[in-house]
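This report refers to the structure that appears directly beneath it.
The values are calculated or read from the model by the stated rules, or taken from the named source; none is laboratory data. Computed from a predicted structure; not experimentally measured. All Cβ positions, even for glycine, are placed from backbone atoms using ideal geometry, and neighbour counts span all protein chains on display.
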Amino acid sequence: MTRLCGKALLKTGEMAVMPDTIGFIGLGIMGRPMAHNLLKAGFPLIVHNRHQEVTDEFLAAGARAGDRPRDIAAACDVLITMLPGSAQVEEVLIGPGGAIEGAREGVIVIDMSTISPAVTSTLAARLTEGSMSMLDAPVSGGDKGAIAGTLSIMVGGDEDIFNRCMPIFQALGKTIVHVGKNGAGQVVKACNQIVVALIIEAVSEALVLGSKAGVDPAKILQVLGGGLAANRVMELRGASMLAHDFTPGGRIRIHHKDLGIVLELSRMYGVSLPVTALVDQMFASLESRGRGDLDHSALLTYLEDLSAHRIGQRLS
């Protein structure tokens with residue numbers, strides 16, 4: 001029977017086609033709401049997470065649980081990974097007890113983590129040897145986009161596999177673009193992380209300068225948001241930056257890791273990224289000060305420290 005990743009065909013004789021079963025590994029800040037959106041869209045879900053309370057949450061919502069990646073891969077049609085970095089993805093997919101050991105022929109892996117494009121290409125080749133397919137599909141939009149199901153998803157890999165999995169992507173995001181071969185999705189995500197980091201830094205500079213000069217920072221955001229300087233960072237994080245609420249949606253240490261990938265790519269292709277390198281060092285400094293688990297918008301505090309000024313009040 002022909003199957004189409006979770007979207008029932010209107011006619012196959014007179015029978016609806018059942019949605020593919022999805023395995024989901026990595027239920028963190030991003031993965032958790034993404035997996036919930038897949039359940040809401042009607043996909044049978046098998047989850048794996050190191051925190052039992054999170055697993056229990058999904059069991060109560062109708063998902064099943066798997067003990068090891070190989071067991072989940074043996075029971076699903078599509079395996080999604082949403083993990084912190086390259087090492088974790090490699091461990092889950094090709095390490096001892098990994099997905100490659102248990103997957104049935106034809107299983108599709110969709111890695112939605114942000115990892116090295118070189119590692120992605122190597123993993124895709126290894127999985128192909130195991131009669132599996134892989135798409136790299138990192139996302140942008142933060143925790144709010146993950147919750148709302150409005151993520152931007154940049155996908156590398158075979159275009160036919162991409163088209164087959166479109167219903168899955170549609171349950172998770174709003175802007176869904178096939179950008180090229182395996183690894184291309186990760187390259188585009190690296191480009192995304194440059195822009196996000198530099199915008200956060202620019203917004204932070206503007207707020208510290210304007211505030212120390214005596215202007216209400218809320219008024220600064222109001223004005224900037226109505227002109228050419230308007231951006232999604234101010235829209236989604238402006239209020240929390242004013243309140244110094246740095247509850248993580250995207251952690252400093254993760255964005256620092258991402259800029260490491262960016263700078264590795266820049267060396268590989270001979271591209272100069274001077275301002276990105278500077279912001280990378282700002283994130284490194286914040287990590288060394290114990291702020292790595294704060295939201296990346298806490299880059300504001302780096303500029304505040306340099307200027308001895310907390311927006312809205314002078315530091316003692």
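Tell me whether the range 114-126 contains one or more residues that are within 21 Å of GLY28 (Cα to Cα) and either over 14 Å from the mean Cα position of the chain (by Cα) or of a type in the set (D, E, K, R) (or both). Yes, some residue in the range 114-126 is within 21 Å of GLY28 (Cα to Cα) and either over 14 Å from the mean Cα position of the chain (by Cα) or of a type in the set (D, E, K, R) (or both).
Under the condition of being part of a loop (DSSP other than H, G, I, E, B) and buried (at least 17 other Cβ atoms within 10 Å of the Cβ), the residues counted in the range 270-286 number 1. A count restricted to the range 295-314 and to residues that are surrounded by fewer than 19 Cβ atoms within 10 Å (Cβ to Cβ) and not small (Gly, Ala, Ser) stands at 6. Restricting the first member to the range 217-233 and to residues that are modelled with pLDDT of 95 or more and surrounded by 13 or more Cβ atoms within 10 Å (Cβ to Cβ), and the second to residues that are in a loop (DSSP other than H, G, I, E, B) and of a type in the set (Lys, Arg), no beta-carbon pair is closer than 8 Å while six or more apart or on different chains.
Here the condition is being surrounded by 16 or more Cβ atoms within 10 Å (Cβ to Cβ) and charged (D, E, K, R); of ARG289, ARG251, ARG267, it holds for ARG251 alone. Could you tell me whether GLU91 is more than 17 Å from GLY156 (Cα to Cα) and touching a residue at least 24 places away in the same chain (Cβ under 8 Å)? Here the answer is no, as GLU91 does not meet what is asked. Please work out if MET34 is crowded, with 17+ Cβ neighbours inside 10 Å and in contact with an Asp or Glu (Cβ under 9 Å, 6 or more places away or on another chain). For MET34, the condition - crowded, with 17+ Cβ neighbours inside 10 Å and in contact with an Asp or Glu (Cβ under 9 Å, 6 or more places away or on another chain) - is not met.
Here is a yes/no grid of residues against (1) surrounded by fewer than 21 Cβ atoms within 10 Å (Cβ to Cβ); (2) within 17 Å of MET112 (Cβ to Cβ):
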residue	(1), (2)
LEU39	yes, yes
PRO44	yes, no
ARG50	yes, no
ASP67	yes, no
ASP71	yes, no
LEU83	no, yes
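Of the numbered conditions (1) in contact with a Ser or Thr (Cβ under 7 Å, 6 or more places away or on another chain); (2) on the phi < 0 side of the Ramachandran plot, PHE169 fails exactly one; give the number of that condition. Evaluating PHE169 over (1) in contact with a Ser or Thr (Cβ under 7 Å, 6 or more places away or on another chain); (2) on the phi < 0 side of the Ramachandran plot leaves (1) as the failure. Residue check: GLY97 meets all listed conditions (1) over 18 Å from ILE261 (Cβ atoms); (2) modelled with pLDDT of 95 or more; (3) not polar (S, T, N, Q) but one, namely (2). Annotation note: of VAL179, VAL155, VAL109, the sole residue that is within 30 Å of THR247 (Cβ to Cβ) and aliphatic (A, V, I, L, M) is VAL155.
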